[in-house]
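Here is the structure we will look at, set down as structure tokens.
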Amino acid sequence: MSAATHPDDVDLPPLAAVRARIGRAAALAGRTADAITLIAIAKTKPVEAIEPLIAQGQRVFGENRVQEAQAKWPALIAAHPDIRLHLVGQLQSNKADDAVRRFDAIHSLDRPSLLLALARAMDRAGRRVPCFVQVNIGEEPQKGGCAIGAVPDLLAQARKADVPVAGLMCVPPAGIEAAPFFALLGKIAADNGLSELSMGMSDDFEAAVMLGATHVRVGSALFGARQLSTVVSP
Ligand SMILES: *Cc1c(COP(=O)(O)O)cnc(C)c1O
């Protein structure tokens, strides 16, 4: 399926169009759209760009930097307490306390040192925040994420540290077909008894939905393109 506009979507605002595309991809795979959480990735976008989505009913948002989230979200969440915020960017251990206080899910757990920092932060905050283990699914040296072979160990350590792991997350290599990597992430999750899959971005979320994504992370298809200089690869 291409990302081209479906004839039914021509007059839809971006949020409704993305939801319609998720719904069609889910139906093709025999799934219901409410099995898929759309995370609206608002990184680099100002509050004025976010408010219209909130007005249209969107409640789950993502950011990739703790500090940016602290600057943008407290007032919005005070006005709409049912908003849920997901962290999708690389996390430094020294920001674990802020991340645990600020976010409702963390998609970038990828190494033992961060796991221990998150465990201590969750103890201090008195709240357990569900995490996704980010897998370096293309084994790319420059990219964040746990090596595929190290996933079982990290999961075992998470269980020991009482850090809840909801599932796996990936960002496939750029410029090549993403679907095989989505399928591989699904297999690794199944092998490890995990049910949630955070995969699929603006260019490939339909394929991800057909391959079992439970969370899609969509930014530019909802908000428009980001400035190139501010794109931070995870
Ligand atoms: C920016 C980002 C997204 C959203 O990317 P789009 O291509 O704009 O949809 C998703 N996941 C992560 C980890 C990101 O950093």
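Things worth noting here:
- Residue selected from the stretch 79-109 under the condition closer than 17 Å to residue 167 by Cα and β-branched (Val, Ile, Thr), by the criterion surrounded by the most Cβ atoms within 10 Å (Cβ to Cβ): 88
- Screening the stretch 168-177 for residues that are free of Cβ contacts under 8 Å to residues at least 60 places away in the same chain and out of contact with any helix residue (DSSP H, G or I) (no Cβ under 6 Å at 6 or more places or on another chain) and picking the one that is nearest to residue 134 (Cα to Cα) gives 173.
- Residue pairs meeting the criteria (Cβ under 8 Å; at least 6 apart or on separate chains; first at positive phi, in the stretch 195-211; second near the ligand (Cβ under 9 Å from one of its atoms)): 200/216; 200/217; 200/218
- Candidates in the stretch 196-234 are the residues that are at pLDDT below 95 and outside any helix (DSSP H, G or I); of these, the one that is nearest to the ligand (Cβ to nearest atom) is 234.
- For the stretch 59-81, the criterion of being within 21 Å of residue 207 (Cβ to Cβ), of a type in the set (Val, Ile, Thr) and assigned to a strand (DSSP E or B) is satisfied by at least one residue.
The values are calculated or read from the model by the stated rules, or taken from the named source; none is laboratory data. None of the values given here were measured: they were computed from a predicted structure. When we count neighbours, we look across all protein chains shown, and the Cβ atoms used for this are built from the backbone with ideal geometry, even at glycine.
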